[in-house]
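Heads up, the thing below is written out as structure tokens.
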């Protein structure tokens with residue numbers, strides 16, 4: 001088996017929410033969250049911590065400027081809205 005030297009482009013991942021796979025190579029226990037499940041996954045985590053479930057709803061009655069996820073939220077919002 002050939003080493004990938006940390007190159008994640010040679011890995012195949014499985015979404016922990018929906019089971020969808022993406023990437024190249026063999027599935028060898030690498031898991032993550034696919035882009036289709038990202039907002040739901042982050043919002044579930046926010047709810048469990050008592051926070052407002054606002055990921056993917058940029059500038060919706062919340063203070064976005066102080067959010068550490070703003071960059072990722074904005075990218076997601078721009079792609080899916």
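Remarks
- Residue among 34, 14 that is out of contact with any helix residue (DSSP H, G or I) (no Cβ under 8 Å at 6 or more places or on another chain), more than 16 Å from residue 77 (Cβ to Cβ), part of a loop (DSSP other than H, G, I, E, B) and at pLDDT 80 or above: 34
- Criterion violated by residue 9 - all others in (1) in a helix (DSSP H, G or I); (2) under 27 Å from residue 67 (Cβ atoms); (3) at pLDDT below 90 satisfied: (2)
- Failed item in (1) at pLDDT 90 or above; (2) surrounded by 14 or more Cβ atoms within 10 Å (Cβ to Cβ); (3) outside any strand (DSSP E or B), with residue 25 passing the rest: (1)
The values are calculated or read from the model by the stated rules, or taken from the named source; none is laboratory data. Source: prediction; values computed, not measured. Reconstructed Cβ throughout: ideal geometry from the backbone, glycine too, with neighbour counts over all protein chains shown.
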